[in-house]
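The values are calculated or read from the model by the stated rules, or taken from the named source; none is laboratory data. Computed from a predicted model, the values in this text were never measured in an experiment. Every residue, glycine among them, receives a Cβ derived from its backbone with ideal geometry; neighbour counts consider all protein chains shown.
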Amino acid sequence: MRKIFIVLIISLISQLSQANERFIPLELFTGGEIRDDTEIKFTKANLVFGDKKRKKIVGPEDWKNPNTGEIIKVYKRTRKSQSGVKTQLFAVTNDGQCIGRVWDSRRSGRIIVNGCKFPLGVWNEGEKRTFKGSSGGKTRKIELTILKLGKKQKDKVTFNWKLYDGAGKLMDDNDYTFSAGKAMTKLNDKKISK
């Protein structure tokens, strides 16, 4: 009887831990049509988004890394501002756990290694993952924490994104919300005192 009770407890714990688990598709980041399967695919994107319609994401397209010569699939995201147009290239990184920047036009253009800006694949609400990368040759640590997940692939996702320098000092702390068909719909930039 005791063995049956233990098996039931383990089964319940397993089911409860999966209660707030879901697959986060790439199309939630790109604003593309969300599919029912659980495979990360480079689907077509061509979306103008944001409150002022100054942001655009297109792709996928091939990009050749000028440092390594490797050709990879990327999405190009641009943002118009008074100071010009900011361009960033995003690719699936960290063994498919996220999509991150691989190139950024700011500061005369920077190559980013192992960037991570948006969670992909299966995540749990409240889950935190840490990634190591570099930007412009400087070591960085990125931390993603799922704040609100929803149960369906079309549900919006809210997560916290933190960026640390090589010494472990917090450089950036933002909460993002991405919604189906709209890409990023909300940014809470928690200003870090320098």
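Quick check: anything in the stretch 156-175 assigned to a strand (DSSP E or B), under 29 Å from L47 (Cα atoms), in contact with a Pro (Cβ under 8 Å, 6 or more places away or on another chain) and at pLDDT 95 or above?
Initially, the stretch 156-175 is screened for residues assigned to a strand (DSSP E or B), giving 157-165, 170-175.
With under 29 Å from L47 (Cα atoms) added as a condition, the list becomes 157-163, 172-175.
Keeping just the survivors that are in contact with a Pro (Cβ under 8 Å, 6 or more places away or on another chain) gives 157, 159.
If we keep only those that are at pLDDT 95 or above too, we end up with 157, 159.
Yes, the conditions are met somewhere in the stretch 156-175.
Residues that are more than 20 Å from the chain's Cα centre (by Cα): find the strands (runs of 3 or more DSSP E) completely inside the stretch 45-96 holding 3 or more of those.
Details: elements: 45-49, 55-64, 71-81, 84-93.
Output list reads 71-81.
So G150 passes all but one of these: (1) at pLDDT 95 or above; (2) surrounded by 13 or more Cβ atoms within 10 Å (Cβ to Cβ); (3) in a loop (DSSP other than H, G, I, E, B). Which condition number does it fail?
Exception for G150: condition (1).
Being surrounded by 16 or more Cβ atoms within 10 Å (Cβ to Cβ), closer than 22 Å to Y176 by Cβ and of a type outside the set (A, V, I, L, M) is the filter here, so list the residues in the stretch 51-69 that pass it.
The answer is K55, K56, G59, P60.
Assess whether E39 counts as being out of contact with any Lys or Arg (no Cβ under 6 Å at 6 or more places or on another chain), closer than 22 Å to F159 by Cα, modelled with pLDDT of 90 or more and surrounded by 14 or more Cβ atoms within 10 Å (Cβ to Cβ).
On the way: out of contact with any Lys or Arg (no Cβ under 6 Å at 6 or more places or on another chain): yes; closer than 22 Å to F159 by Cα: yes; modelled with pLDDT of 90 or more: yes; surrounded by 14 or more Cβ atoms within 10 Å (Cβ to Cβ): no.
Answer is no for this residue.
I'm checking my understanding of the structure. Among residues of the stretch 176-194 that are among the β-branched types (V, I, T) and assigned to a strand (DSSP E or B), which one is farthest from the chain's Cα centre (by Cα)?
Residues of the stretch 176-194 among the β-branched types (V, I, T): 177, 185, 192.
Restricting the remaining residues to those that are assigned to a strand (DSSP E or B) gives 177, 185.
On the way: T177: 11, T185: 14 Å.
Only one residue tops the list, namely T185.
Tally time: how many residues in the stretch 70-109 are more than 23 Å from K52 (Cβ to Cβ), modelled with pLDDT under 95 and of a type in the set (K, R)?
The number of residues fulfilling the criteria is 1.
Say we look at the stretch 18-36 and pick out the residues that are in contact with a Leu (Cβ under 8 Å, 6 or more places away or on another chain) and part of a loop (DSSP other than H, G, I, E, B); which of these is surrounded by the most Cβ atoms within 10 Å (Cβ to Cβ)?
For the stretch 18-36, the residue satisfying everything is P25.
Would you check if there is a residue in the stretch 122-137 being out of contact with any Lys or Arg (no Cβ under 6 Å at 6 or more places or on another chain), surrounded by fewer than 18 Cβ atoms within 10 Å (Cβ to Cβ), among the acidic types (D, E) and more than 14 Å from I24 (Cα to Cα)?
No, the stretch 122-137 has no match at all.
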